[in-house]
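Please read the structure below before turning to the comments.
What follows draws every value from the coordinates through simple rules; no lab data is involved. A quick note: this is a predicted structure, and the numbers were derived from the prediction, not measured. Here the Cβ positions follow ideal geometry from the backbone for every residue, glycine too, while neighbour counts run over all protein chains shown.
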């Protein structure tokens, strides 16, 4: 995945190419849209799928729901939501969610209000729970939400991803450790959003990012964990995911020193272009390595390209954990529940093999391929392991190789519901 305004080797002003204007009809867009809504020192992300389904992840501090988020939704003609997701229970993330739900009416929340389950003892949490009522559902690991039009949202983990123990009421368990991490997929576009997930061990934090990194694999856009805190966005995550661009949600004059210079430097080191909602109160983005939007940040994805605030990026093959390199294959349906049909051309010399790996790189199943090298072949996976057990819902990688194909092996990402 090359970023056009970098790979052309010219100035950003000259390299920004004209892009197609996306047509809005109600909540429907031509492609996928992600909006980083500027709520100051807090998180808020709106996702609008190609079929018009909507997801609101977090809504900033108390007051931002009525003061910023709901007015923005109304300006877009969005008066209902399919899903809300509370990444975790800190007030700068859920403080405005109850306000949005109350403003539009609980019945206007069409499907579910997802969170990490369990309880939390704050006023903001109580207000959130009272607002969503029976729409509350606990998100589960590797759960896939079909947003329509080929867009999916997959839960890569929550509640520390196995590092800590329930019911998570130990005083040392800062709620950031328990953040929900989701991966947004649309064609060759992937975006990671993981709340305030930490990446180092300290008195109250645990290194959760090192568990998350191989689950996410290579991505295009990264919603910067914890507003650019030095305890997050560690090198393991960034070196594994290799994002081309990132969104940092910060507020001017915040008391935390976000975003920190350490995180900015780590992002620059992996050639990740930085977009910030506001200037913040911490480090400085080096010239030519990012920009401050002073407002909302809009991502539009359509076909083989995407734009961030009108600046054009191209999509292409991407590496994932374990040395696999996914390419677009004809997989139908994807995501699948019963079985998936894969059409492919065998690389190298036949016969070959099909191997299926989970996100940790563990071999799940292997099948021989008797097809002709370079010829059209078809394979159907029934979603079972080598022991003929149904595999859990989640993300998998199918690698197809022929004799002597080596680096020409082809790999596809596939999602099981």
At a 10 angstrom cut-off on C-beta neighbours, averaged per residue, how do the peptides 225-234, 96-105 rank from highest to lowest?
225-234, 96-105
Within 10 Å, count the other beta carbons around each residue, average over each peptide in 65-76, 204-215, 296-307, and list them highest first.
204-215, 296-307, 65-76
Residues 54, 45, 235 in order from fewest to most other beta-carbon atoms within 10 Å are 235, 54, 45
Checking the a/c ratio against 1.5 first, then a/b against b/c, what shape does the Cα gyration tensor give for segment 153-288?
oblate
Segment 4-314: antiparallel bridges as % of DSSP beta bridges, rounded to 5, reads 60
